[in-house]
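One structure is given below, encoded as structure tokens.
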Amino acid sequence: MEVKIEESWKAVLADEFEKPYFARLAEFVRAAYRNGVVYPPPGKIFEAFNRTPFDKVKAVIIGQDPYHEPGQAQGLCFYVPPSVQTPPSLVNIAKELGKMPDLLDWTQQGVLLLNATLTVEAHRAGSHQGRGWEVFTDAVIRALAERREHLVFILWGSYAQKKGSFIDRTRHCVIESAHPSPLSAYRGFFGSRPFSRANEYLASNGIAPIAW
């Protein structure tokens, strides 16, 4: 696995790339792409970082796995190309927002769309969990939480909430609710106002709000 990642992130995460776990992870990912069908396309693994440099991040949305069906995964949590059928969770995000969001535009405005695991085998949800990606993405969240101020972390569902449990709530805004999936959206996602709450926090700290 060749790490093609935006320069500011490369500097911030330099130590991670030198750790033994990352060498093992890279070898596993290389073999997976060589021996089967893996998503996203290899050039898109670090797409979230390449679209949203470290010093431009205003908000972080944490997902779990990349989508695992053809054409869906593009390296950004919850995003699929317009040519692909909209997944149910994104449909519910649109319902809460009141319109279909342009997630690519979000990334240009400083929204890091970060999955906990950055690769997945075709048709097998969770197949690359426990291989080291979670350690890497924990380091990403920790770097943001420790080196930046007044970020918004949006944690939908128990998985994301556990992953963000160490974030200092006195330095950052942490917005938690149920996940937007059809299984849980009616248990606290709808009506949770994550987007307006994020903008209220940013504005209160002199940071330009996001055009969600």
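Some notes on this structure:
- Per the listing Trp156, Trp133, the residue uniquely within 19 Å of Leu90 (Cα to Cα) and open to solvent by less than 10 Å² (accessible area, probe 1.4 Å) is Trp156.
- Helices (runs of 4 or more DSSP H) wholly inside the stretch 6-89 containing at least 2 residues that are open to solvent by less than 10 Å² (accessible area, probe 1.4 Å) and either in contact (Cβ under 8 Å) with a residue 24 or more places away in the chain or touching a helix residue (DSSP H, G or I) at 6+ places or on another chain (Cβ under 6 Å) (or both): 20-35, 47-51
- Lone qualifier among Ala178, Ala185, Ala125, Ala211 - being more than 14 Å from the chain's Cα centre (by Cα), among the aliphatic types (A, V, I, L, M) and open to solvent by less than 10 Å² (accessible area, probe 1.4 Å): Ala185
- Enumeration of residues in the stretch 150-177 that are in contact (Cβ under 8 Å) with a residue 24 or more places away in the chain, part of a loop (DSSP other than H, G, I, E, B) and on the phi < 0 side of the Ramachandran plot: Leu151, Gly164, Phe166, Ile167, Arg171, His172
Yes/no matrix, rows are residues, columns are (1) modelled with pLDDT under 95; (2) within 29 Å of Ala26 (Cβ to Cβ); (3) in contact with a strand residue (DSSP E or B) (Cβ under 8 Å, 6 or more places away or on another chain):
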| position | (1), (2), (3) |
| --- | --- |
| Thr137 | no, yes, yes |
| Arg148 | no, yes, no |
| Phe153 | no, yes, yes |
| Ala160 | no, yes, yes |
| Arg169 | no, no, no |
| Pro194 | no, no, yes |
| Arg197 | no, no, yes |
| Ala203 | no, no, no |
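Results for (1) assigned to a loop (DSSP other than H, G, I, E, B); (2) open to solvent by 40 Å² or more (accessible area, probe 1.4 Å); (3) farther than 19 Å from Phe49 by Cβ; (4) touching a residue at least 24 places away in the same chain (Cβ under 8 Å), shown as yes or no for each residue.
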position: Val91; (1), (2), (3), (4): no, yes, yes, no
position: Lys95; (1), (2), (3), (4): no, yes, yes, yes
position: Lys99; (1), (2), (3), (4): yes, yes, yes, no
position: Val140; (1), (2), (3), (4): no, no, no, yes
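- Tabulated pairs, the stretch 103-118, first over 17 Å from Glu134 (Cβ atoms), second part of a loop (DSSP other than H, G, I, E, B) and among the hydroxyl-bearing types (Ser, Thr, Tyr), C-beta under 6 angstrom, 6+ apart or interchain: Leu103/Tyr79; Thr107/Thr52
- Checking Arg171, Arg148 one by one, the residue that is surrounded by fewer than 17 Cβ atoms within 10 Å (Cβ to Cβ) and farther than 21 Å from Thr107 by Cα is Arg171 and no other.
The values are calculated or read from the model by the stated rules, or taken from the named source; none is laboratory data. What you see is a predicted model; the values in this text were computed from it and never measured. Cβ: placed from backbone, ideal geometry, glycine included. Neighbour counts: every protein chain shown. All accessible areas refer to the heavy atoms of the entire protein, side chains included, with ligands and DNA or RNA removed. Shrake-Rupley method; radii C 1.70, N 1.55, O 1.52, S 1.80 Å.
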